[in-house]
Amino acid sequence: MLTLFVACAPGLESLLAAELTSLGISDVRGEPGGATVRGQPSVISTVCLRSGLANHVRLRVGEPFEVRHFDKLVKKTAALPWGELLRPGTRVKAHAVCRKSRLYHSGGAGQRVEAGIAKAIGPAVEGGPELTVAVRIIRDECVISLDLSGEALHRRGWRQQTAKAPLREDLARALLIVSGWTPDRSLFDPLMGAGTLVIEAATMARRMAPGLRRRFAFEHTKLDTSAGLQDQRKAAQSEVLPGLTTQLVGRDHIAGAVEAAEGNAERAGVAGDVTLLRAELSEPWPQLGPAHVVTNPPYGIRVGEASGVHNLYTSVGEGIRASGWPFGIVIADRRFVRSLGLSLQPKLTTDHGGIKVSYYAG
């Protein structure tokens, strides 16, 4: 039985716990910054392949231990069960955080952990893949975790072209969820930028596993053979729906943004499922029948003066009222909530590129 910590963006913890439970994982406990999961090695593949809200998956190695001297850190690290997890010669990079501890030099702590792992599995072989280990020494208690996901899981592999300050894929999925949108309804994003919201919605509607197009760090560990990744990949691929009956429409007034969205949709495999248009915000909105408006308007730093932001939010609010559609929207500055002229329900607050942003629905 493994104990994993599944990390997510702040504010998404309850959504992540619900998602992991929906994936059939029975032992899930929400915590600040993510959720703790217990299960067999196959749970690693399940989370990495199928979670759309997780950022990283980390395996706690052994039990926490007390340490106050660097030589003890090397010895106690070497005594952990690295031989059960890593192949001989694996390259490892340790990143340490030290707080309120006798060992306060994070760089030195990371080097000692790397030395302890090398004692356990042998010196690193140049040119091989490099795995990451997280080290936390808080009040002289050390916890060491192995990163199993590698590159952040929100990087699905298709968003290679961006517009200004695009919404990350995991944050886009969270907005779609809290907006109340479901795949049986059409969707409209009048300020799509690089198309992340519309494309993420298409992958959700097509039942595409978020990690289906990428690789993971645990594939370079001994856990690879017991996690059943290849079988889970085949199962996930077989679940993908052939097409959609609803319309997913994104618009932007910048030609470069439309071009970026088109490239991203092609790489995501949903180019035939989305409609991406160049149009001014003031132009009439499409006729879609039952639909949701889900959008991430530009923040003040992206459009300049406060008056421009006010006018933009006013126009979005007018369009939503005229359509009568339910909506989900990101607002970075609460001064502009009133500009929408809508009744808003706050859903969550998270961090996007160092900026606190709030999600509202109505």
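The amide H of LEU277, built 1.01 Å from its N in the peptide plane, has GLY250, ARG251, ASP252 as neighbours under 5 Å, considering only residues 5 or more places off or on other chains. Simple point charges give the picture: +1 on the Cβ of Lys and Arg, -1 on the Cβ of Asp and Glu, and for the chain a dipole about the Cα centre of about 980 debye. By the Stokes-Einstein formula, at 0.890 mPa s and 25 °C, the stretch 1-77 with its Kirkwood radius over alpha-carbon pairs has D equal to 184 µm²/s. Direction-averaged projected area, Cα convex hull, the chain: 19.1 nm², rounded to one decimal.
State the antiparallel share, in %, of DSSP beta bridges confined to the chain, rounding to the nearest 5. Please list the in-between numbers first.
Values: 38 of 61 bridges.
Just about 60 percent of them are antiparallel.
All C-alpha pair distances within the stretch 49-134, sorted into 10 Å bins from zero, spread as 16, 47, 28, 8, 0 percent across the bins.
So which GluC sites (Glu not before Pro) in the stretch 95-159 end up in coil per DSSP with only 11 or fewer other C-beta atoms within 10 Å?
Numbers: sites: GLU114, GLU126, GLU130, GLU141, GLU151; in loops: GLU126, GLU151.
Sparse-neighbourhood loop GluC sites (Glu not before Pro): GLU126.
The chymotrypsin sites (Phe, Trp or Tyr not before Pro) of the stretch 69-170 that meet both conditions, a loop assignment by DSSP and at most 12 other Cβ atoms within 10 Å of the site Cβ, are TYR104. The charge dipole of the stretch 2-147, taken about its Cα centre with unit charges on the Cβ atoms of Lys, Arg (+1), Asp and Glu (-1) only, comes to about 440 debye.
Loop exposure criterion: trypsin sites (Lys or Arg not before Pro), DSSP state outside H, G, I, E and B, at most 13 other Cβ atoms within 10 Å. Applied to the chain, the longest stretch between such sites is 208-362. Backbone geometry of the stretch 278-283 corresponds, through the Karplus equation with coefficients 6.51, -1.76 and 1.60 at θ = phi - 60°, to 3J(HN,Hα) couplings of 9, 6, 6, 4, 6, 5 Hz, x marking Gly and Pro.
Compactness of the stretch 2-147, taken as the C-alpha radius of gyration over 2.2 N^0.38 Å, stands at 1.09.
Dividing the Cα radius of gyration of the stretch 203-362 by its Kirkwood radius returns 1.04 for Rg/Rh. Dividing the summed helix terms, -39500 (n - 2.57) for each DSSP H run of n ≥ 4, by the number of residues in the chain produces a 222 nm estimate of -9500 deg cm²/dmol to the nearest 500.
The smallest convex shape that holds all Cα atoms of the stretch 221-299, its convex hull, gives 169 Å³ per residue.
Between the residues THR221, PRO284, VAL294, the greatest Cα displacement towards the positive end of the dipole of the stretch 216-325, with unit charges on the Cβ of Lys, Arg, Asp and Glu, is found for THR221.
Past the 32 Å Cα-Cα mark, which pairs from LYS222/LYS356; LYS76/LYS222; LYS72/LYS222; LYS75/LYS222? The answer is LYS222/LYS356. Just checking the listed ones, GLY328, GLY319, GLY127: in the Gaussian network model of the chain with Cα springs under 10 Å, the one fluctuating most is GLY127.
Note on LYS93: aspartates and glutamates with a C-alpha under 17 Å away, same-chain residues under 8 apart excluded, are GLU114, GLU126, GLU130, ASP147, GLU151, GLU219. Taking 1.002 mPa s as the viscosity and 20 °C as the temperature, the Stokes-Einstein diffusion coefficient of the stretch 56-214 based on its alpha-carbon Kirkwood radius rounds to 117 µm²/s. Here the label points at ARG213 and GLU262, each 7 Å from Cα along the C-beta direction, are separated by 1.7 nm in the simple model.
Read-outs throughout are calculated quantities, based only on the coordinates presented, and are distinct from any laboratory measurement. Predicted model only: the values in this text are computed from it and were never measured. In this analysis, Cβ positions are derived from the backbone assuming ideal geometry, glycine residues included, and neighbour counts consider all displayed protein chains.
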